[in-house]
1. Do we find a residue being free of Cβ contacts under 8 Å to residues at least 12 places away in the same chain and acidic (Asp, Glu) anywhere in segment A:365-384?
2. Taking the residues in segment B:259-290 that are of a type in the set (Ser, Thr, Tyr) and either under 15 Å from B:Arg307 (Cα atoms) or touching a Pro at 6+ places or on another chain (Cβ under 7 Å) (or both) as candidates, determine which candidate is surrounded by the fewest Cβ atoms within 10 Å (Cβ to Cβ).
3. I'm checking my understanding of the structure. Among residues of segment B:289-326 that are in a loop (DSSP other than H, G, I, E, B) and of a type in the set (Ser, Thr, Tyr), which one is nearest to B:Asp254 (Cα to Cα)?
4. Residue under question is B:Val305, and the condition is that it be more than 12 Å from every other protein chain (Cβ to nearest Cβ), surrounded by 15 or more Cβ atoms within 10 Å (Cβ to Cβ) and under 20 Å from B:Leu348 (Cα atoms); does it hold?
5. Checking the condition under 29 Å from B:Phe447 (Cβ atoms), at pLDDT 95 or above, in the same structural domain as B:Ala27 (by TED's automatic domain parsing) and not polar (S, T, N, Q), which residue from B:Ala110, B:Ala173, B:Ala163 passes?
6. Taking the options B:Glu237, B:Glu251, name whichever one is outside any helix (DSSP H, G or I) and either among the hydroxyl-bearing types (Ser, Thr, Tyr) or more than 21 Å from B:Leu161 (Cα to Cα) (or both).
7. Kindly establish whether B:Leu255 is buried (at least 17 other Cβ atoms within 10 Å of the Cβ), more than 14 Å from chain A (Cβ to nearest Cβ) and closer than 18 Å to B:Cys314 by Cβ.
2 protein chains.
Amino acid sequence: MAPLADLYHLTMAYALWRTGRHRDPAAAELFFRREPFGAAFAVGAGLGQALRSLGALRFSAADIAYLRSVLPSTTEDAFFDYLCTVDASEVTVTSVPEGSIVFSRVRHTAKRPHVPICGVCGRGDVTVLSPQVPLLQVKGPLLVVQLLETTLLCLVSYASLVATNAARFRLLAGPQMKLMELGLRRAQGPDGGLSASKYSYIGGFDYTSNILAGKLYGIPVRGTVAHSFIMSFRSLEEVQPRVLSPLEGGEPVDLPSLAESWLQRVCELLGTPSDKPNRGELAAFVSYAIAFPQDFQGLLDTYCVMRSGLPNFCAVALALHQLGYRAIGVRLDSGDLIQQSKETRRVLRACGAHFQVPWFGSIPIAVSNDISERSVEDFVREGSEIDMVGVGTNLVTCPLQPSLGCVYKLVEVNGSPCLKFTEEEEKMTIPGIKAIYRLYDAAGHPFMDLMALENEPSPSVGQELAVHILGRRGEATKIRPSAVKPLHRMYLRDGQVCEELPSLQEVRSHAQASLNLLSPVHRQLRDPQPYPVAVTEKLHLLLVELQNASQ
Amino acid sequence: MAPLADLYHLTMAYALWRTGRHRDPAAAELFFRREPFGAAFAVGAGLGQALRSLGALRFSAADIAYLRSVLPSTTEDAFFDYLCTVDASEVTVTSVPEGSIVFSRVRHTAKRPHVPICGVCGRGDVTVLSPQVPLLQVKGPLLVVQLLETTLLCLVSYASLVATNAARFRLLAGPQMKLMELGLRRAQGPDGGLSASKYSYIGGFDYTSNILAGKLYGIPVRGTVAHSFIMSFRSLEEVQPRVLSPLEGGEPVDLPSLAESWLQRVCELLGTPSDKPNRGELAAFVSYAIAFPQDFQGLLDTYCVMRSGLPNFCAVALALHQLGYRAIGVRLDSGDLIQQSKETRRVLRACGAHFQVPWFGSIPIAVSNDISERSVEDFVREGSEIDMVGVGTNLVTCPLQPSLGCVYKLVEVNGSPCLKFTEEEEKMTIPGIKAIYRLYDAAGHPFMDLMALENEPSPSVGQELAVHILGRRGEATKIRPSAVKPLHRMYLRDGQVCEELPSLQEVRSHAQASLNLLSPVHRQLRDPQPYPVAVTEKLHLLLVELQNASQ
């Protein structure tokens, strides 16, 4: 694979090569500066794909020919020869396991309590730094490390964003409601759609409509039927073939006639005129039932749900029931979905009771139509009768925050930590290669991430430790963790995958388990308690020293 | 290519096949219901890619095997045999030429004037329909036509959205300011990034940073240098090699020493302490200048623009000038970009005047850092000195409206127009296959799109015509067009491309020319005058008839 790179990576590569610095040992980190969507957490994703892409890093002859045509004509030939040899064989990557919860700064809407400025640290206080925890740490030759920036950002950023978005829908929907991703048509092309399917599944969705995602990733696929199918029928005369045999065998039955007779009985029960249900819609339902007698489902809102779609569905489902088959669901795609779900449930129950079909009242009701987080909250709060929710646009485009804003920053070159000290305080980075630990409280909840110098000993369980919480000015804080886990694992050592990458299903389970471990105060989606990220005393001292040196 | 499809397209395909309707002649339209971003127009894009994808439509053996595993076990074998034969060889597509302006309903923020309800048409008045003009019309066998839904939506929807977004940036920036797309790292994966580069270029951007887009599509690529490069240097001692020969030949010169001596002179001129500029940054600039003496540019904000980046840049650029080379630009990436651009320009001019380097004052200033439409408006309004703007996140993710909401609806089956009459008025469709004309006024501006029945004669230039404007209740409106052009061309006839698809460059030119043709009242980005879309008397009568029949 040709590297996903911006032109400046190549001009910089040339400048590094030309100045003999291309093989200097370097380290970079990938992180984001603020939690997405105003919560305290995000779900780290895309790491498997990013790691696999490193293995394929190579410039083809065609890539080189193209680069020759766009780099300045003064670029030396030998550089292109060198580029032909570039790969990730000297790159080492540590990363949070895919599906892990990662924390960063919370964007507060409410006013924060006043925190007094520390009299000791003063202007150079490092505690103003964002609590940014790297998802990935990359080590290798400087030229290659800087060249990987866009590849890694491109593969991790959207993946993590949409996995986080999906996790939010899951938290709002609760564990029972089925969630289905149907955003392929709203994504940034086929590849964006595939990413959306894959990472929504990691975040907690149950199904996708995207058959290519099903085929490539093994995600369960689901689908109902579209308005276009319903609209393509105009009358019962069009139904062909017309007969269906009972499930347990026996004489085939003319389904249109049977459905029409059931329609009379349903309309009588509901007290609605039996000439109102659209017969084209009834024909579509009957045709679908003949094709899928064991998987019949109805889309109810092509015409009018209460006067047409629902009576037609009940008629066909009851006719099928008479032949031994069981309908599997209905879908509502417009109007007041909560109200309609309740009315639909009432009618399904009434039919079930009146016609003595006990399972009829619990036929699953699915909804779609521009479903947002707010919609799902309303479904739950207002006691809707909705069993399954299809989400497209508001899942895949993440309109509440369409970009995670991941960045990739050099933290060390030739053993010296790098500090970026720009016009904006928030854009400062935490220099040096770090060891990162997640600390757990007695209840098993993670309560702090701690960054240390690479060669410091790991914090010990049950022992008191003084740390400096990032984003807070002031004295060191004393903590005593009940459990300590290294946050990163080494996945790539000198270009070789050294830890087996988990399956999609394993990543999904890890994400759900990690979400469940979160303390409720960090899991809540609005105005959560910020999750503290701290540095050890030693790292703190290094930060102060570097900042003072660059003043 | 396996079709980009949702599972329900396959269940519907089976139901159609099972009921013998799969080869019924059908027609569908692709359109969107509301203009994006609250303007009156959008730029139609993605059509070339969509048409090309139809040529590749085919189910592979692996696709079929997968579909067997997910469709109900009752699905007949013969259906899968049939699927193996499915392609687009009987599909005909008409479309607006790619890069055309397309119109739909305007989302109004301001209050609309009161429009009296027509006493004639009453409840069934078709004029409440959205003024939705199809981008594409597709004809073919029903099974294939419905199967294409997601492929076409996926390839057209984001492409049109981002082309429109880019066009808005272009309109705000004016014709002179250079616009560069740098969104690869913020896109939905590599493919989303490529789409963003391609369709931003169509919408009016000049450059991309994405080298793969440059290679694949021939879009001009540009790039400066990143903070990581600057941060990888700590002192002038690290510069290696150190010498540069003058452009016109002669003894090589030690560039670090020359730059250091120029830095003293620059600091003296600016009245700033010469020990303040960061020597790592200076080393990075010198190294870059030795690698690219004819293409030297500086990123100014790794440390402090005024105290470090700008003096260092001027020192190196003046040293290069002494050797006959000319620096090509600077970039600012944080802080108050307008203010910094003015200060930078002042310093560049001061250096140019003092050191008698006339071109120095007009070195191009580029900016980046979360640039939005609002930023570009501010740059223009506040008289910034910015020559080039790099846009990433706010271009490719379209945060003001992350989805165009395109839909694809069946409009005719077996010669009968289809009407969808749902729970939401806005979701109604305009049935039947239509001919569409764009009407121009005497000034050459398009003033109305007119939909007619397929077999109606074209409206005549200069002749009065009664039409019904969609979205307005009331009597027919009399119009007299000065020019009339069919809006669609036929690109695919029975699966064969019958009109050569334009090059990317041609599409871009067409888009820019189309934007220029727009009347200012329709081109303005906020509270534009809605662009009227009308139907002929005959189509109006058909709509009334169909709606009344479905009441």
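The values are calculated or read from the model by the stated rules, or taken from the named source; none is laboratory data. Everything quoted here is computed from the prediction, not taken from an experiment. Note that each Cβ is placed from the backbone with ideal geometry, even for glycine, and that neighbours are counted across all protein chains shown.
1. Taking every residue of segment A:365-384 in turn, none turns out to be free of Cβ contacts under 8 Å to residues at least 12 places away in the same chain and acidic (Asp, Glu).
2. B:Ser274
3. B:Tyr325
4. Details: more than 12 Å from every other protein chain (Cβ to nearest Cβ): no; surrounded by 15 or more Cβ atoms within 10 Å (Cβ to Cβ): yes; under 20 Å from B:Leu348 (Cα atoms): yes.
It is false that B:Val305 is more than 12 Å from every other protein chain (Cβ to nearest Cβ), surrounded by 15 or more Cβ atoms within 10 Å (Cβ to Cβ) and under 20 Å from B:Leu348 (Cα atoms).
5. The unique qualifying residue is B:Ala163.
6. B:Glu251
7. On the way: buried (at least 17 other Cβ atoms within 10 Å of the Cβ): yes; more than 14 Å from chain A (Cβ to nearest Cβ): no; closer than 18 Å to B:Cys314 by Cβ: yes.
Criteria not met by B:Leu255.
Results for (1) in a strand (DSSP E or B); (2) under 21 Å from B:Ser416 (Cα atoms), shown as yes or no for each residue.
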position	(1), (2)
B:Gly432	no, yes
B:Tyr437	yes, no
B:Phe447	yes, no
B:Met451	yes, yes
